[in-house]
Amino acid sequence: MFKPLLASLLTLAVAAPAMSATLDPNQAQARDIFSHLIAFKTEIGQGQVPVMAKYLADQFRAAGFPDSDIHIIPHGETAAMVVRYGGNGSGGKPIGLMAHMDVVTAKPEDWQRDPFTLVEENGYFYGRGTEDIKSGVTVLAANFIRLKKEGFVPTRDLVIIYTGDEETSQDTMEDLVKNHRDLVDVEYALNTDAGGGELSESGKPLVFGVQTAEKAYASFELTTRNPGGHSSLPRKDNAIYELADALKKVQAYQFPVMWNDTTVASFKALGATTQGKLGEAMRAFAKDPHDEAAAAALADEPSEVGKTRTTCVATLLRGGHADNALPQSATATINCRVFPGVAIDTVRKALQDQVGPKVEVKLVGKAIASDASPLRPDVMAAVTKAVHSIRPGVAITPIQESGATDGLYFRAVGIPTYGVNGMFMKTSDAFAHGLNERVPVKGFYDDVAYWHVLLTAVAGKPGAK
Ligand SMILES: [Zn+2]
């Protein structure tokens, strides 16, 4: 997933200036890779991720990366890919660089242009995956190739980690972390699939977000059971009534207020530009997170409530089996978004405590808890340098996402992960997962340049340009 940071007001879109036709060789190479990648239909079930990985492997090989540093790890119809740029080791443990090769399914008949052809038009690149996140796959590959050409020797290994099912099961990332740890054992990771820059509707850079935390996703089923019987002979106890009682308790319950470095820093930054009572609450919370009135005001806003606590909400309901029978069971699904650092079982226990021992509370599917990553000064300094190389002076702030990316699998095993996508976009241009997905042409080439600065900052000789 990849999405812009802040919701801004929509105003009239201003047409971007026409792109100059002259590209430097690095830009031309990046564009060529980008257009190839968009053409692979890497939706779930198409089996095209391994084909795309093979194309990428050819590019790395042609640039001088040895076969022994290029790994394609098949996983059902999809695959993961790991490419190591060997360093001299003087700078410490490797750094991971993340993107995913799969895209959300696109129905060509609903699109204005073919989603699997890169189209440049009116200052935009159109195509499925342009925003989420084949641009990320491209900028990492293009910069590995460029740096290799330039003779760059990193002070520590740089390890590209391309996954193959981020938009669906996220099994490839889980598999890499569990079963191929030697390939991806990094000190920390930089993720293209989160964070990024926000432009105003008139194209002015507003803020750059570094995603340092994401909430875990966990669904629980609440089930009540009963011997049932004929509905003409109702008993006092009833699975549906008891489930309804349990649901009212879940509705009334609020998880405790929580915060981390990112919560405080992001409310400080957001509070500075948010008007009215909400802005007041953000500023008060940033000043003192124990301020209960501020926390309560934030909890009243659907867009803010999840930033300061775990949330759980009823989403599905089923029960009974006939009009004229007493229900033998009733089940509700409760979807939770778990605050970083909170164990999934802690949430299950809290729900169980609320609904009492007669209601079964069961986790459905997998749920991975993840910690917030600490704000490492070295990472923040490198990101600041890279952001300011393309957008001088823009404010940089850590953010926590309510959604989840592959990054949570690293955070869950103690590898800090930072979402630092280098694209600047307007909120009104964000169509990731939707129709007519696009990125600004300038944003794409800036993103290519940004990663060159970022990679040489985290793994270059100290003081070198
Ligand atoms: Zn994504």
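The values are calculated or read from the model by the stated rules, or taken from the named source; none is laboratory data. Since the model is a prediction, treat every value here as computed from it, not as a measurement. Cβ atoms come from the backbone with ideal geometry, glycine included; neighbour counts cover every protein chain shown. For the accessible areas, the whole protein counts, side chains as well, though only heavy atoms, and no ligand, DNA or RNA atoms are used. Shrake-Rupley method; radii C 1.70, N 1.55, O 1.52, S 1.80 Å.
One table, with the values for the structure above:
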| read-out | value |
| --- | --- |
| Distance from the range 62-96 to the range 325-387 (C-alpha centre basis), Å | 32 |
| Rounded percent of accessible protein surface that carbon and sulfur make up, the chain, 1.4 Å probe | 55 |
| Protection proxy ranking of 220-230, 176-186 - average other beta-carbon atoms within 10 Å, highest first | 220-230, 176-186 |
| Full-stretch length increase - Q46, A395 - with 0.36 nm per residue and alpha-carbon distance subtracted | 121.5 nm |
| Förster-model FRET efficiency, 41 Å R0, T384 and Q251, C-beta, rounded to 0.05 | 0.40 |
| Size descriptor, Kirkwood hydrodynamic radius, that averages inverse alpha-carbon separations across the range 86-180, Å | 15.5 |
| Set of lysines with alpha-carbon distance to K54 below 19 Å, sequence-local pairs under 8 removed | K41, K134 |
| Computed E for D345/A63 - FRET, C-beta separation, R0 41 angstrom, nearest 0.05 | 0.30 |
| Along each principal axis, Cα extent of the chain, largest first, Å | 82, 50, 48 |
| Low-density loop positions, GluC sites (Glu not before Pro), the range 100-197 - DSSP coil, at most 12 other Cβ in 10 Å | E150 |
| Solvent-accessible area per residue for the chain (1.4 angstrom probe, square angstrom) | 43 |
| Value at 222 nm in deg cm²/dmol, rounded to 500, when DSSP H runs of n ≥ 4 in the chain each add -39,500 (n - 2.57) | -10500 deg cm²/dmol |
| Efficiency of FRET from Cβ geometry, R376 and D110, R₀ 60 Å, rounded to 0.05 | 0.90 |
| Amide N proximity, the range 35-65 versus E77 label position 7 Å along Cα-to-Cβ, cut-off under 12 Å | 42-50 |
| Euclidean distance of C-alpha centroids, the range 155-229 and the range 274-307, integer Å | 26 |
| Principal semi-axes in Å for the range 282-423 [√(5λ), Cα gyration tensor, largest first] | 39, 19, 14 |
| Relative contact order of the range 342-465, pairs being alpha-carbon contacts under 8 Å that are 6 or more residues apart, as % | 27 |
| Highest average packing first - 428-436, 91-99, Cβ atoms within 10 Å | 91-99, 428-436 |
| Environment charge of N122, counting only residues whose C-beta is closer than 15 Å and scoring Lys/Arg +1, Asp/Glu -1 | 0 |
| Reachable lysines from K358, criterion Cα separation under 17 angstrom, eight or more residues apart if same chain | K236, K248, K249, K349 |
| Full-stretch length increase - E221, Y55 - with 0.36 nm per residue and alpha-carbon distance subtracted | 55.4 nm |
| Contour excess over end-to-end distance, with Cα ends at D24 and A293 and 0.36 nm allotted per residue | 91.4 nm |
| Relative contact order (percent, whole number), the range 96-157, Cα cutoff 8 Å, 6+ residue spacing | 32 |
| Cut-off 13 Å, label 7 Å out along Cα→Cβ of V364, residues of the range 322-343 by amide N | 330-336 |
